[in-house]
Each structure stands twice: as structure tokens, then as C-alpha cells.
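The structure appears below as C-alpha cells.
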Amino acid sequence: MTNEQFPDNFLWGAATSAFQVEGGNQEDGKGLSVADIRSYPKRHQQLDTTVSVDHYHHWREDVQLMKELGLKSYRFSINWSRIFPNGDEVEPNQAGLRFYHHLIDELVAANIEPMVTMTHFDQPYGLVKKYGGWVDRRSIADFVKYAKWLLKEFSPQVRYWLTINEQAVMVLATDMLGIDDHLDEHTRYQMAYQANYHMWLAQAEVYKLCHDEYPNCMIGPAVSYITTLPASRKSYDMLAAKELEDFYSFAQMDVAIHGVIPKYFENELANLNIEISTQPGDEQVLQEGRANYLGVNWYCTTIVEARRDADPNGFIFRRINRVIDPDLLYTEWGWNFDPVGLRYGLRQLNDRYPNIPIAITECGWSEREELIEGKVHDPQRISYLHDHIHQMWLAIQDGVNVFSFNPWSFIDLLSNGDGMEKRYGLVFVDRTNFDEKNQKRYKKDSFYYYQKVLQTNSLQPN
Ligand code: BG6
């Protein structure tokens, strides 16, 4: 037995997102979202969002499994286009609200604290058709209207809110914002960083609204935190790693926590010849609306070296090369197993934002998996959980204020990049990309491992 005990009220959770688990993508009045539309062209290689793992019809059974697992919290997202099918309606879709009321009631009855993401890659496609989505300033008002409804409907039961999931990922993979892939790169980035700016303003308005009207709630962004390490101790490699990490991850957090767009971020946009259109009063909006906790999606470290032949005024992604560390294990998809990186990353967060409450909103290991005689043995995921929980525990001893841990994912789901081949779940879903089968749920070995951690509120041997 270990004595790595966690604080009494530690929120042990698990995470999913709407388009990746729900299915029912046109049921009960739901409109299509960017995530739905984006999944269709890949139909020949992987499943789309039509059925996903059918949580829309299995939610009761899924909550029972969460209860059996012993979850204290569950991070999920609300499908924006279930509530506002086209995005621009004045009144919400009642059937959409009802679905989440049922889900949240069931969670609360099971003593599971809901942690809700307002949008996880799924802006209503209607807004993209109408005015280009996040690229247009009108998107701010449509998001704020949506967020207002969510807070009004669900805030008595939902205390933990996350505004936008992984904004930096959407901005780099511009089709995730509904931007036409055929446009040239400069035009796409110009549009995407304008969208990024609108998302910052929209979130700031929602942070302020939430603090003013729902002071018992906590609200923050869910940021993709890629802890970036230099390939050597040479100053140019260290600077390259810092510049990438600042631009990609810390800019998102600095704006949410400090309410100011950092100079290093503006310099990178200048390197790209991008000009952001702003309005008077924007600075004040950012300053007045700040997050009071950080949702951090953490999977692995990224190791980079400086490209010393690159133009020093070129875009950061052209000034670095990614390096593979032969001493680390990598998934088939190139994500490393580097748990000490988590502790190091958490320490960096605490240095930058002293004592900020942190929820690890995603953290997980992917594998190809199959069901063998009703069982799924996933020792690598167990060791990933063990080692990352251990490093998180050490970070808490270091003084980092981590209050929640949510492995990605509670259940197998449609991977954002790779369909059903790449599984992350503690619960296996019996379906493949092209065969829906019966979608029966099976508990993997990692489910039982994590259950023991939750029962004892402490690290368990793997
Ligand atoms: C995060 C996202 O980027 O990483 C999730 O918030 C996603 O939606 C997860 O599923 C893993 O990425 P992928 O591409 O392996 O599914």
C-alpha cells in the first residue's frame, strides 16, 4: 500500500465531449455543428458523428457505470447546436435543454459533480453559413447568448464551467473553425487568428457575467497545454521551446488569467503578417472578464530544437523541428509517455499563476484495442494512470493547487483525429468504425484500477 493520499474533497473525474460520444446528431431538433460537418468527408476512413458511441441513447446506463466507477465528477460538453440548432435563434430548443437536464439530474442523484464545457469544437454550422462563424464579430453575441442560457438553466446544479475547449487547436487546424481548406495559408491564418480574438472576447464576457450573476460558480478555459521541452541545453533550443509553449499554450492562459494579450503573441502575429481588427473598449472587456480556474488538457510533452537556418522573423512553427526522444515510449500516433513532464508543467503553471486552482480536464493514453472473451486488458493505460497520478500527487506536495483529475476518456469515443481505431476509454464500446454492432459497454482493466484509486482516495500500485 502507498500513502499517497489525496485531499478529502479531491474531484476524481473522467472526461468526454458531446460530438465524440453522443450520436443522435440530428435528433430532437439538433442542428449540425462544425464537428458534424467536418466528420462527413472522412466517412470512408472512419465513423462520423451520426451515431458515435450513442451516448444520446445510453446515457442512463453510462451514468450507472460512472457511479460504479466511483466518479466524484464528470467532465462533459453541451452540444451547442442541440440548444441553438442554427446558433442564431432567440429561444433555445427545449428538447435539447431537456436532454441535459435529465443527464445532470441523474449525475447529481449519483453524487457526481458535473463539470460542463460550453463548446468543444462544435459551433453550430448555421453560424458558419450565416457569417463565417467565429471569424465574424457577431459570433461573440451568439456565444454569450448561449452561455447565458446555460448558466441560467443549469447553474444551480453545475458549479464548474469551462468555456471553450482547446481554442489553440482549432486555430491551427483551421477547418475546425469551418474555414475553407482550399484558401491559401495566409488567408486561413488571418481568419483563424481573428476568430481567436473573438473567442477571447466572448469568453471574457462570459467570465464576467458568471462572476457577477453566479458567484458560486467557477469558470475558466480548457486549454491544450503542451509542455514543451528543449532538445538540448543550448540557449537557442531552450528559447525555441519557450517561444512555442508561450505562443501555443500560455497565450491562452495569460489572456484568461491576466486579461491582457501578451506582447510575445502579437509579435508572432506580426511575423505572420496578420492584423487583427479590434474595437475601442475591447481591452477593457478582456481586463474585466477573467477566469477563476484553469482547465488543463495534458497528454504528453513535446520536444523541440531550433531550426537555426530559419528566418528569425518567420512564424514559430517554421522556426522549430519536433524531436523524438528514443528513451521515451510513444503511442502509435506519436504521443509520448512522459509523466514527469506533468509535474514539471504543473509547477510552471503555479509559478506563472500562483495558487490558481487547476483541474486537469484531460489526460490519457490511446491504443488499438479489442475485446477478448468479454475483457479488455490495457496495462499500458494503467501504468499511464499510475505514473501521472503519482506525478500529480508530487505536484500537489510541491504546492500546486490541483483540485480535479479527469482522464480522457471515460468511455471509448470517436477520436478527434482517428475515429474508433484510437481508443482512450476506461470503458470499452463494442463497435468499430464501420460496424455499429450492439454498442455494448465493457469495463476495461483500467476501469478497475481507477476504481481502486477513487475508493481509497490514494495512488494504488499498478
Ligand atoms: C484533445 C481534445 O485535443 O485531445 C479531444 O480536447 C481529443 O477532443 C483529444 O479527442 C485526443 O485527440 P485525438 O485526436 O487523439 O482524439
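The values are calculated or read from the model by the stated rules, or taken from the named source; none is laboratory data. This is a predicted model, so every value here is computed, not measured. With ideal geometry, Cβ positions are generated from the backbone for all residues, glycine too; neighbour counts draw on all protein chains shown. With ligands, DNA and RNA removed, areas are computed over all heavy atoms of the protein, side chains included. Shrake-Rupley method; radii C 1.70, N 1.55, O 1.52, S 1.80 Å.
Which number do you get for Rg(Cα) / (2.2 N^0.38 Å) in segment 87-162? Please list the in-between numbers first.
Working: Rg = 13.7 Å, N = 76, 2.2 N^0.38 = 11.4 Å.
Rounded to two decimals, the normalised Rg is 1.20.
Can you give the relative contact order of segment 359-451 as a percent, counting alpha carbon pairs under 8 Å and 6+ residues apart?
On the way: 145 pairs, mean separation 32.2, N = 93.
It rounds to 35 percent for segment 359-451.
Taking 8 Å as the Cα distance limit and 6 or more residues as the minimum spacing, I'd like the relative contact order of segment 302-385 as a percentage.
Details: 50 pairs, mean separation 16.6, N = 84.
Dividing the mean separation by the residue count of segment 302-385 yields 20 percent.
What percentage of all Cα-Cα pairs in segment 337-462 are separated by more than 25 Å?
So the pairs more than 25 Å apart make up 31 percent of the total in segment 337-462.
Based on a Kirkwood Rh over C-alpha pairs, give the Stokes-Einstein translational diffusion coefficient of segment 343-401 at 10 °C and viscosity 1.306 mPa s in µm²/s.
On the way: Rh = 13.3 Å.
Calculated translational D: 119 µm²/s.
I need to check one value: relative contact order of segment 181-296, counting alpha carbon pairs closer than 8 Å and at least 6 residues apart, in percent. Could the numbers behind the result be given before it?
On the way: 128 pairs, mean separation 47.0, N = 116.
Once divided by the residue count of segment 181-296, the mean separation gives 41 percent.
Would you list the membrane-span-like helices of the chain, meaning whole DSSP H runs whose alpha-carbon atoms span at least 18 Å along their axis and whose mean Kyte-Doolittle value is at least 0.0? List each step's numbers first, then the result.
Details: long enough: 55-69 (20 Å, -1.37); 94-109 (22 Å, 0.21); 138-154 (25 Å, -0.04); 185-213 (41 Å, -0.95); 339-352 (20 Å, -0.86); 379-397 (27 Å, -0.42).
In the chain, the long hydrophobic H runs are 94-109.
What translational diffusion coefficient, in µm²/s and rounded to a whole number, does the Stokes-Einstein relation yield for segment 298-400 at 20 °C and a viscosity of 1.002 mPa s, taking the hydrodynamic radius as the Kirkwood radius over Cα pairs? Numbers along the way, then the final one.
Values: Rh = 16.1 Å.
Translational diffusion coefficient: 133 µm²/s.
With a ≥ b ≥ c taken as the square roots of the eigenvalues of the C-alpha gyration tensor of segment 402-450, please select rounded if a/c is under 1.5 and otherwise prolate if a/b is larger than b/c or oblate if it is not? If you can, show how the numbers build up before the last one.
Details: a/c = 3.11, a/b = 1.54, b/c = 2.02.
Here segment 402-450 falls in the oblate category.
Using label points projected 7 Å from each Cα along Cα→Cβ, tell me how many nm separate ARG60 and THR278, to one decimal.
Placing both labels 7 Å along Cα→Cβ, they lie 5.3 nm apart.
Just reorder LYS148, LYS42, LYS72 by solvent-accessible area, largest first, 1.4 Å probe, all chains present. Provide the component values of the computation, followed by the final result.
On the way: LYS148 105, LYS42 50, LYS72 85 Å².
Most to least solvent-accessible, the answer reads LYS148, LYS72, LYS42.
Between GLU288 and ARG318, what FRET efficiency comes out of the Förster formula 1/(1 + (r/R0)^6) with R0 = 35 Å and r the beta carbon distance, rounded to 0.05?
Numbers: r = 36 Å, r/R0 = 1.02.
FRET efficiency, ARG318 to GLU288: 0.45.
When all C-alpha to C-alpha distances in segment 189-322 are sorted into bins of 5 Å, what percent of pairs does each bin hold, rounded to whole numbers?
Percent of pairs per bin, in order: 2, 10, 17, 20, 18, 14, 10, 6, 2, 1, 0.
Spin-label point model (7 Å from Cα, Cβ direction): what's the TRP333 to ALA270 distance in nm?
According to this spin-label approximation, the distance is 3.7 nm.
According to the square roots a ≥ b ≥ c of the eigenvalues of the Cα gyration tensor, what is the shape class of segment 156-215, taking rounded for a/c under 1.5, prolate for a/b larger than b/c otherwise, and oblate for the remainder?
Details: a/c = 4.51, a/b = 2.62, b/c = 1.72.
Because a/c hits 1.5 or more and a/b exceeds b/c, segment 156-215 counts as prolate.
Could you give the length gained on full extension between PHE434 and LEU371, defined as 0.36 nm per residue of separation minus the Cα-Cα distance, in nm? The partial results should precede the final answer.
Values: separation 63, 0.36 × 63 = 22.68 nm, distance 1.63 nm.
Between PHE434 and LEU371, full extension yields an extra 21.0 nm.
Please state, to two decimals, what the Cα-based radius of gyration of segment 1-62 comes to when divided by 2.2 N^0.38 Å (N = residues). Mind showing how you got there, number by number?
On the way: Rg = 17.1 Å, N = 62, 2.2 N^0.38 = 10.6 Å.
Dividing the Cα radius of gyration by 2.2 N^0.38 Å gives 1.62.
Can you show me the helix-derived [θ] at 222 nm for the chain, built from DSSP H runs with n ≥ 4 at -39,500 (n - 2.57) apiece and divided by the number of residues, rounded to the nearest 500.
Values: 16 runs with 184 residues, N = 462.
Computed mean residue ellipticity for the chain: -12000 deg cm²/dmol.
Return the carbon/sulfur percentage of the accessible area of the chain, one whole number, probe 1.4 Å, all protein chains in place.
Values: 8850 of 18050 Å².
Roughly 49 percent, rounded to a whole number.
For segment 115-130, take each phi angle, set θ = phi - 60°, evaluate the Karplus expression 6.51 cos²θ - 1.76 cosθ + 1.60, and give the result in whole Hz per residue in order, putting x for glycine and proline.
Working through the residues one at a time gives 10, 10, 8, 6, 8, 10, 6, 10, 4, x, 5, x, 6, 5, 5, 6 Hz.
Which value, in Å² and to the nearest 10, is the accessible area of TRP149 when all protein chains are kept and the probe is 1.4 Å?
Taking all protein chains as shown, TRP149 has close to 50 Å².
With viscosity set to 1.567 mPa s at 4 °C, what whole-number translational diffusion coefficient in µm²/s follows for segment 49-200 from Stokes-Einstein and a Kirkwood radius over Cα pairs?
On the way: Rh = 16.5 Å.
Reported coefficient: 79 µm²/s.
Just the number please: accessible area per residue for the chain, 1.4 Å probe, all protein chains included, in Å².
Numbers: 18050 Å² over 462 residues.
Per-residue accessible area for the chain comes out at 39 Å².
Would you mind computing the Rg to Rh ratio of the chain from its alpha-carbon coordinates, Kirkwood style for Rh? All intermediate terms of the calculation are to be shown ahead of the outcome.
Working: Rg = 21.0 Å, Rh = 22.4 Å.
Using Cα coordinates only, the ratio equals 0.94.
Taking a probe of 1.4 angstrom, what is the accessible area of ASP412 in Å², to the nearest 10?
0
So for segment 98-137, what percent of the C-alpha to C-alpha distances run longer than 12 Å? Let's see the in-between values first.
Details: 533 of 780 pairs.
Looking at segment 98-137, the distances longer than 12 Å represent 68 percent of pairs.
Can you pull the Rg over Rh of segment 36-97, Cα-only, Kirkwood?
Numbers: Rg = 15.0 Å, Rh = 14.2 Å.
Ratio of gyration radius to Kirkwood radius for segment 36-97: 1.06.
So, how do all the Cα-to-Cα distances of segment 174-261 break down into 5 Å bins, in percent, from 0 on up?
For segment 174-261, the binned pair fractions read 3, 12, 16, 17, 17, 15, 11, 6, 3, 1 percent.
What is the pair-distance distribution P(r) of segment 1-108, computed from all Cα-Cα distances in 5 Å bins starting at 0, with each bin given as a whole percent?
Histogram of Cα-Cα distances, whole percents per bin: 2, 11, 19, 20, 16, 12, 9, 5, 3, 2, 0, 0.
ASN86 label point, 7 Å along Cα→Cβ, cut-off 12 Å on backbone N: hits in segment 118-151?
125-131
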